[in-house]
1. Taking region 32-53 as the region of interest, how many residues are touching a strand residue (DSSP E or B) at 6+ places or on another chain (Cβ under 6 Å) and modelled with pLDDT under 90?
2. Going by what's in this entry, would Ser16 be described as assigned to a loop (DSSP other than H, G, I, E, B), surrounded by 12 or more Cβ atoms within 10 Å (Cβ to Cβ) and not β-branched (Val, Ile, Thr)?
3. From the list Tyr33, Tyr41, pick out the single residue that is on the phi < 0 side of the Ramachandran plot and surrounded by 12 or more Cβ atoms within 10 Å (Cβ to Cβ).
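The values are calculated or read from the model by the stated rules, or taken from the named source; none is laboratory data. This is a predicted model, so every value here is computed, not measured. Cβ coordinates were reconstructed from backbone atoms using ideal geometry, including for glycine residues, and neighbour counts include every protein chain displayed.
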Amino acid sequence: MEKFFDPHSVVVVGASNTPFNLGATICNMLKDYLQYPGAVYAVNSKGEKVNGYPG
């Protein structure tokens, strides 16, 4: 259960560069406001970076 509650990285599915996209907002919240120490990956159908997060 430790890997579930204390992960080394997080994947956010559905993030895009569209303004106010929920997935992109979650990526930003994890790093900027919650100061999540692990890696954050943004997954989308275009395979693009989202706000600097690798896709």
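1. Counting residues in region 32-53 that are touching a strand residue (DSSP E or B) at 6+ places or on another chain (Cβ under 6 Å) and modelled with pLDDT under 90 gives 2.
2. Values: assigned to a loop (DSSP other than H, G, I, E, B): yes; surrounded by 12 or more Cβ atoms within 10 Å (Cβ to Cβ): yes; not β-branched (Val, Ile, Thr): yes.
Criteria met by Ser16.
3. Tyr41
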